[in-house]
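Read the structure below first, then the notes.
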Amino acid sequence: MEFVVTRAVPEDAAALLELLRISGGETDNLTFGAEGLPFTVEQEREFLASMEGANAMFVAKAGERMVGCIGVHGVGRSIRMAHRASFGINVLKEYWGRGVGSALLQTAIDFAREAGIAVLSLEVRSDNTRAIALYEKFGFHKIGHFPDFFRVNGESVDFELMNLYL
Ligand SMILES: CC(C)(COP(=O)(O)OP(=O)(O)OC[C@H]1O[C@@H](n2cnc3c(N)ncnc32)[C@H](O)[C@@H]1OP(=O)(O)O)[C@@H](O)C(=O)NCCC(=O)NCCS
């Protein structure tokens with residue numbers, strides 16, 4: 001399968017919200033479910049337009065179809081944490097296992113390094129073996145275990161905290 005990874009532009013807003021809505025319904029791995037994110041297309045458009053510095057969204061497209069995304073978010077609220085960033089990644093289920101996640105993560109790591117980020121962090125469900133394998137492949141290490149990080153329909157879910165030192 002051919003796909004390309006590009007930096008998202010404001011015109012990607014509608015497709016991105018739709019991708020997140022579908023992805024939210026496909027697993028319980030994300031911070032939201034099938035309802036997707038509570039933003040209008042206009043709000044998402046403005047959000048994409050405002051991303052600068054250590055903040056960026058990248059999308060994977062197979063032809064016209066958006067099939068995955070990764071958002072890098074700098075911890076910009078304090079100069080003492082400006083060397084750190086986190087990210088969120090997801091790929092449409094029917095495209096899993098074809099290298100899309102790896103391409104997105106490589107792009108995000110390259111971007112973070114270029115933006116002067118020294119520590120890239122993430123939080124992942126302890127039972128999300130596919131994602132953890134992806135992160136370990138790129139050199140992320142577990143730095144902690146966070147019991148009761150999510151409650152999904154009232155059920156407690158543990159998470160792993162992972163870091164990559166660039
Ligand atoms: C996690 C996710 C982004 C991976 O995307 P992907 O496109 O499937 O990733 P890739 O095809 O590049 O595979 C990456 C690695 O995952 C691992 N992997 C692939 N298939 C796997 C499987 N069946 N079981 C376990 N690990 C597997 C491998 O380590 C693989 O690397 P390799 O092919 O070089 O060996 C994707 O599954 C996803 O979006 N899941 C739902 C949302 C989610 O969980 N996001 C992360 C929240 S922290």
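A few comments on the model shown:
- For a paramagnetic label modelled on S126 (point 7 Å from Cα along Cα→Cβ), amide N atoms under 16 Å away belong, within the stretch 138-166, to 142-152, 155-162.
- Unit charges at the beta carbon, dipole of the stretch 35-166: most positive-side option, S102, G154, N55: S102
- Charge tally around V59: other residues with Cβ under 9 Å, Lys/Arg +1 each, Asp/Glu -1 each, net +1.
- When the Gaussian network model of the chain links Cα atoms closer than 10 Å, the mean-square fluctuations of F58, F87, F39 top out at F39.
- Fully extending the segment from V9 to S102, taken as 0.36 nm per residue of separation minus the present Cα-Cα distance, adds 31.4 nm.
- Highest to lowest packing among 126-137, 145-156, 91-102, scored as the average C-beta count within 10 Å: 91-102, 126-137, 145-156
- Inter-probe distance in nm under a simple model that places probes 7 Å from Cα toward Cβ, at F146 and A133: 2.4
- Helix runs (DSSP H) in the chain reaching 15 Å along axis by Cα, Kyte-Doolittle at least -0.5: 13-26, 100-114
- Dimensions (Å) - the stretch 70-166, Cα atoms, principal axes, largest first: 37, 31, 20
- Partner aspartates and glutamates for K61 [C-alpha distance under 16 Å; skip if fewer than 8 residues away on the same chain]: E2, E11, D12, E18, E94
- Relative contact order %, the stretch 4-118, counting alpha carbon pairs below 8 Å whose residues are six or more apart: 25
- One quarter of the convex hull surface built on the alpha carbon atoms of the chain amounts to 9.6 nm², the projected area averaged over directions.
- Proximal charge balance of I143 [Cβ under 15 Å; K/R count +1, D/E count -1]: -2
- With a cut-off of 10 Å between beta carbons, the residues surrounding G36 carry a summed charge of -1, where Lys and Arg count +1 and Asp and Glu -1.
- Mean Cβ count within 10 Å, highest first, over the residues of peptides 1-8, 112-119: 112-119, 1-8
- Estimated FRET transfer efficiency (E46, R77; beta-carbon r; R0 25 Å; 0.05): 0.80
Computed from the coordinates by the stated procedures, all read-outs in this text should not be read as laboratory data. All values reported here derive from a predicted model rather than from experimental measurement. Ideal geometry is used to build each Cβ from the backbone, glycine not excepted, and the neighbour counts take in all protein chains shown.
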